[in-house]
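Some notes on the structure that comes next.
The values are calculated or read from the model by the stated rules, or taken from the named source; none is laboratory data. Just so you know, these numbers come straight off a predicted model, no measurement behind them. No Cβ is skipped: glycine too gets one built from the backbone with ideal geometry, and neighbour counts run over all protein chains shown.
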Amino acid sequence: MAADTKIPAMGDPAERAIPCLQPDAMAQSKPYVAAPAHNEPLGFPGELVPDWQEKGIARMGELLGKYKSLQVYMDICVKCGACTDKCHYFLGTGDPKNMPVARQDLFRSVYRRYFTPVGKALGAVGMGKLVGAREFTKEVLDEWFNYFHQCSQCRRCSVFCPYGIDTAEVSMAARDIMDNIGLGHKYANEIIGKVHKIGNNLGLPGPALIDNLEGLEEDLKDETGQDIRMPVDQEGAEILLVTPSADFFAEPHVLGLMGYAKVFHAAGTSWTLSTKATEAANFAMFIGNYEQMQKIAMRIREAALELGVKRIIFGECGHAWRVAYSFLNTLIGPMDFLDPRYPKPQHILEFTYDLIKRGGIKLDKSGNDGMVLTFHDSCNVARASRMGDFAGGQFVIPREVIKACVPKFVDMHADTIGEKTFCCGGGGGLLTDELMDVRIKGSAPRMEALNDVVKREGVTHMAAICAICKAQFTKVLPTYGFDREMIVSVHQLVSNAIVLGNND
Amino acid sequence: MTTFFAILFYAAFAILVVGVGLKVAQYARTPAPLKIPTTPAPLTPAGAAFRVGREVALFESLFKANKPLWIFAMVFHLGLALVVVRHLRYFIDPVWAPIVWLQPFGIYGGMAMLAGLAALFVRRIVIQRIAYISGPSDYLMLALLLAIGASGMMMKMVAHTDIVAVKSFFLGLMVFDIRALPADPILAIHLFLVALLMLVFPFSKLLHAPGVFFSPTRNQADDPRERRHLAPWAAQLERERN
């Protein structure tokens, strides 16, 4: 599939052309359907239930009563079209159903048919089309499965909507309904199952993790000559670090993990990982299921209590930080067992940034000699969370840390960063090989903006603070003619620049 | 005709008030279980209220999204606002001074409203993406508003109606005293379409007017680490688990 992908042309991001509509261009794009073995451990029906239509509509009614966002957003869209040219998947594919409003309408049409007086009345006499009401047929359900898995829940559309309508809320609800009638997304559900069973997305058991960390400690010793520890399950440590499991061995993620270890070492703060909470990611957010999300988050509370830590810090991960920053207090709070002097929870970049400001660590830019950096704002960090104590800290703090570590930093085009950042193309549970075609096309707007600063400013590397962004770019950069190692962790740059006290 | 319009306006008014009231109650009642402001967001509830105010008064997000559309929407909505203010004189006696002062500008409001609507209509047809997302009800809504505006302007510019009698009719309605409405076909069309607009309001996308105040991505403050946010059903879930 990926081999046939037509790479969208890269032009000037200031003059980005809106593609002409290509109806059904992505109608065949869909992820693998989850098997009973993936659905049942999560409490979902194994496969599509016979009375799925009735059950699905009932679940929709339940969600409409539980989520203000869904209920309000179903009613108030005026079809103004402000969002139509904002989604990276539309810009990369031209498929009109990837325009946010059209994607929402796949859901809204069913809502109108079964939950609005006019839709019910006109639908009953076959005139639903007049008010955009549709029967919930198998064709509609198939459309849902395909197109709600072409949304990375990045919220870019919600920035531009005059009513703040967030397609992520709609795609989460759609996925929750599909799970509840037995039509699951294999990649997401299999991973959530692994978190419940083993503790992390990668299915890495405790002993393997410990073994792996020992190897990393040896690497750090070889590199720095110092005993930089990667403690696990250390009771009484000050800080519990919760980080995406990709940080334990995927590149460039692991280089970031080594950076965190160096920062903690240099700061002289005691910290620990936990074999119980070995995963910061929470894929239950992608399937829109509150109960699953809470169950996954609860491991963090349990680990923190068992180890008696005073602070919880999250590693570089986009949606994990959304769940941590925006939802953790709701899901597993109140966290009054933690030290009230620090934010609960804290981001590793907030920790490092504080140290830099206070002179608690020394950085030497020559450690990153020859590198010209740009920064990819990860969508969930940018539009669904914050860092620091001021609005927009999530844009300032990573950039300040990077600037302190590298000789030259350049931002990409203003329409592609900050709150207007583009998703990497692999977020929202789309980071699976069978979706490679839509992933490559969806990354086009980011690749175009990157290409622009590479040409104009000689940018050599792009830093990111999300495990999904890093994995996605590692895969798609070569398709656009870039080196896969161009994508780096922010703490990889810190790791290269940090000056550790010598033992002379 | 007088009786027909009297009944029609009582019915339309009742459905508008009850319908929108029920919708607003539903929006207010439905919990928002998670903190989902689109960030960067104001850090305080007062800041969030100000953000909603900017969306309502200035269409802040739309300005970020699409400048021509922002202009058309502004022209239409400001025009409509002036027209509505100008029409208040049919419902109050004596007319408040500020409304008297605004009377001459009401005409320009009517023109602006029609121009904005026409632009929005053309845009819906001409731009491929917008045509794709437009359904029959989207065109009908614009047509309805255009017809209301056009019939209203005709009574001002072409064939004047007896506005003193019209005012008497509406003041009468408000005290349940049915007084004669002038037998003017343009007036009849104008009033019929306005009643129709009132009738469809609670069942259509016109709900964006009250709905925008309830949008969690706009009305929530960015303070999840400082204040624990818990919906009643989530609290119930928590009690069951413990």
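Values as computed for the structure displayed
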{"item": "Lone unmet requirement of (1) within 14 Å of chain B (Cβ to nearest Cβ); (2) on the phi > 0 side of the Ramachandran plot for A:Asn289", "result": "(2)"}
{"item": "Residue that is surrounded by the fewest Cβ atoms within 10 Å (Cβ to Cβ), among those in region A:479-493 that are in contact with a Pro (Cβ under 9 Å, 6 or more places away or on another chain) and closer than 30 Å to A:Leu355 by Cα", "result": "A:Glu485"}
{"item": "Condition check for A:Lys470: basic (Lys, Arg), touching a strand residue (DSSP E or B) at 6+ places or on another chain (Cβ under 9 Å), part of a helix (DSSP H, G or I) and farther than 18 Å from A:His413 by Cα", "result": "yes"}
{"item": "Residue match in region B:77-92 (condition: part of a helix (DSSP H, G or I) and within 11 Å of chain A (Cβ to nearest Cβ))", "result": "yes"}
{"item": "Yes/no for A:Val381 being closer than 24 Å to A:Val159 by Cα, crowded, with 24+ Cβ neighbours inside 10 Å and not aromatic (Phe, Trp, Tyr)", "result": "yes"}
{"item": "Only listed residue being in the same structural domain as A:Ile287 (by TED's automatic domain parsing) and at pLDDT 95 or above, chosen from A:Gly215, A:Gly203", "result": "A:Gly215"}
{"item": "A:His376 vs. criteria surrounded by 21 or more Cβ atoms within 10 Å (Cβ to Cβ) and within 14 Å of another protein chain (Cβ to nearest Cβ)", "result": "no"}
{"item": "Residue within region A:148-160 that is more than 11 Å from every other protein chain (Cβ to nearest Cβ), in contact with a helix residue (DSSP H, G or I) (Cβ under 6 Å, 6 or more places away or on another chain) and in a helix (DSSP H, G or I) present", "result": "no"}
{"item": "Pairs where the first residue, in region A:244-257, is more than 18 Å from A:Ile313 (Cβ to Cβ) and the second is at pLDDT below 95 and in a loop (DSSP other than H, G, I, E, B), C-beta under 6 Å, 6+ apart", "result": "none"}
{"item": "Filter result for the condition that a residue is farther than 30 Å from A:Thr416 by Cβ, more than 8 Å from chain B (Cβ to nearest Cβ) and either at pLDDT below 95 or part of a helix (DSSP H, G or I) (or both), over A:Leu122, A:Leu70, A:Leu130", "result": "A:Leu122"}
{"item": "Sole exception among (1) more than 12 Å from every other protein chain (Cβ to nearest Cβ); (2) assigned to a loop (DSSP other than H, G, I, E, B); (3) closer than 22 Å to A:Gln234 by Cβ for A:Gly370, by number", "result": "(3)"}
{"item": "Long-range neighbours under 8 Å by Cβ, at least six apart or interchain, first residue in contact (Cβ under 8 Å) with a residue 12 or more places away in the chain within region A:216-227, second surrounded by 11 or more Cβ atoms within 10 Å (Cβ to Cβ) and basic (Lys, Arg)", "result": "A:Glu217/A:Arg229; A:Leu220/A:Lys262; A:Thr224/A:Lys262"}
{"item": "Only one of A:Glu279, A:Glu223 that is under 23 Å from A:Ala464 (Cβ atoms), of a type in the set (Asp, Glu) and buried (at least 24 other Cβ atoms within 10 Å of the Cβ)", "result": "A:Glu279"}
{"item": "Residue check, A:Gly236 among the small types (Gly, Ala, Ser), outside any loop (DSSP other than H, G, I, E, B) and modelled with pLDDT of 95 or more", "result": "no"}
{"item": "Failed item, numbered, when A:Ser69 is tested on (1) closer than 30 Å to B:Phe203 by Cβ; (2) among the small types (Gly, Ala, Ser); (3) surrounded by fewer than 23 Cβ atoms within 10 Å (Cβ to Cβ)", "result": "(3)"}
{"item": "Set A:Tyr111, A:Tyr89: member being touching a helix residue (DSSP H, G or I) at 6+ places or on another chain (Cβ under 8 Å), buried (at least 24 other Cβ atoms within 10 Å of the Cβ) and within 19 Å of B:Leu206 (Cβ to Cβ)", "result": "A:Tyr111"}
{"item": "Residues that are outside any loop (DSSP other than H, G, I, E, B), of a type outside the set (Gly, Ala, Ser) and over 24 Å from A:Glu143 (Cα atoms), drawn from region A:1-40", "result": "A:Pro13, A:Glu15"}
{"item": "Residue check for A:Leu183: out of contact with any strand residue (DSSP E or B) (no Cβ under 6 Å at 6 or more places or on another chain), surrounded by fewer than 24 Cβ atoms within 10 Å (Cβ to Cβ) and closer than 30 Å to A:Tyr89 by Cβ", "result": "yes"}
{"item": "Region A:412-435, residues that are surrounded by fewer than 21 Cβ atoms within 10 Å (Cβ to Cβ) and under 25 Å from A:Ile287 (Cβ atoms)", "result": "A:Thr432, A:Asp433, A:Glu434"}
{"item": "Filter result for the condition that a residue is more than 30 Å from B:Thr3 (Cβ to Cβ) and among the β-branched types (Val, Ile, Thr), over B:Ile189, B:Ile133, B:Ile148", "result": "B:Ile133"}
{"item": "Those residues of region A:410-461 which are outside any loop (DSSP other than H, G, I, E, B), β-branched (Val, Ile, Thr) and either farther than 21 Å from A:Arg155 by Cβ or modelled with pLDDT under 95 (or both), in sequence order", "result": "A:Ile440, A:Val453, A:Val454"}
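Quick grid of which residues meet (1) away from chain B (no Cβ under 13 Å); (2) in a helix (DSSP H, G or I); (3) of a type in the set (S, T, N, Q):
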residue: A:Val309; (1), (2), (3): yes, no, no
residue: A:Trp321; (1), (2), (3): no, yes, no
residue: A:Ala324; (1), (2), (3): no, yes, no
residue: A:Thr330; (1), (2), (3): no, yes, yes
residue: A:Asp354; (1), (2), (3): yes, yes, no
residue: A:Ala382; (1), (2), (3): no, yes, no
residue: A:Asp389; (1), (2), (3): no, no, no
residue: A:Phe395; (1), (2), (3): no, yes, no
residue: A:Lys403; (1), (2), (3): yes, yes, no
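Conditions (1) under 18 Å from the mean Cα position of the chain (by Cα); (2) closer than 30 Å to A:Ile18 by Cα; (3) aliphatic (A, V, I, L, M), marked per residue:
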| position | (1), (2), (3) |
| --- | --- |
| B:Pro45 | no, no, no |
| B:Lys64 | no, yes, no |
| B:Ile92 | no, no, yes |
| B:Gly116 | yes, yes, no |
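Residue-wise test of (1) away from chain B (no Cβ under 14 Å); (2) surrounded by 21 or more Cβ atoms within 10 Å (Cβ to Cβ).
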| site | (1), (2) |
| --- | --- |
| A:Ile7 | yes, no |
| A:Glu40 | yes, no |
| A:Glu47 | yes, no |
| A:Gly56 | yes, yes |
| A:Gly61 | no, no |
| A:Cys77 | no, yes |
